[in-house]
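First up is the structure itself, then whatever we jot down about it.
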Amino acid sequence: MPADLMLIAYDGTENSKRAVEYAGRFLSAERAVVLTAWEPMVRQAARMSGLSGVMQPEWVPDEDSEDIALTDAKTVNVEGLDLARSVGLNAEGRTAECLTTIWTTIVEAADELNADIIVAGTRGTTGLKSLLQSSVADHVLRHCHRPVLIVPPGR
């Protein structure tokens, strides 16, 4: 019996493309939502300047134009949506603004939509590197209370 809704986290990387392909190959659902999380440029700039120790410039985004990060997220999301449809999924696209972390945004979207399963790709890091770079997919798995399909990278 197919699920009602699967949520696919998509960021345009090869690993997220692979996750979409595996979702189409192994899962069935009435609907699939391809989610691309994005962070506004002003917050990205603040985070990066904080990490570098440099004072943040007084930059205020132009209210009349769309944030470039949102524009990019929409483009990436359309790519993921096209891929999901090409593998046979009844898919719709969605972007979500990241207020804290990417994994939190994914979990919150799954909760909001009441998704039956979350699909995500992973970088597949191991050892010391995995301790230094936390995985979005790993955090989703640890913090959500629904099934998660994590697709590892190819060889």
Going by the conditions given, is ARG123 open to solvent by less than 70 Å² (accessible area, probe 1.4 Å), charged (D, E, K, R) and either at pLDDT 90 or above or assigned to a loop (DSSP other than H, G, I, E, B) (or both)?
no
For ALA19, are the conditions met, namely being under 16 Å from ILE102 (Cβ atoms), modelled with pLDDT of 95 or more, part of a helix (DSSP H, G or I) and not acidic (Asp, Glu)?
yes
Could you grab me the full set of residues in region 95-110 that are buried (at least 17 other Cβ atoms within 10 Å of the Cβ), outside any loop (DSSP other than H, G, I, E, B) and not β-branched (Val, Ile, Thr)?
ALA96, TRP103, ALA109, ALA110
Can you name the residue in region 130-144 that is open to solvent by 70 Å² or more (accessible area, probe 1.4 Å) and under 16 Å from THR105 (Cβ atoms) and is also modelled with the lowest pLDDT among such residues?
SER134
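Every residue, every condition in (1) of a type in the set (Val, Ile, Thr); (2) open to solvent by less than 60 Å² (accessible area, probe 1.4 Å), yes or no:
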site: MET6; (1), (2): no, yes
site: TYR10; (1), (2): no, yes
site: LYS17; (1), (2): no, yes
site: ARG25; (1), (2): no, no
site: ALA29; (1), (2): no, yes
site: VAL34; (1), (2): yes, yes
Pairs, please: C-beta under 7 Å, at least 6 apart or cross-chain, first residue without any contact (Cβ under 8 Å) to a residue 40 or more places away in the chain and in region 84-97, second outside any helix (DSSP H, G or I)?
ARG85/ALA91
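The values are calculated or read from the model by the stated rules, or taken from the named source; none is laboratory data. Keep in mind it's a predicted model, so treat the numbers as computed, not measured. Quick reminder, even Gly has a Cβ in these numbers, built from the backbone with ideal geometry, and neighbours come from all protein chains shown. Surface areas here come from the heavy atoms of the whole protein model, side chains and all, with no ligands, DNA or RNA. Shrake-Rupley method; radii C 1.70, N 1.55, O 1.52, S 1.80 Å.
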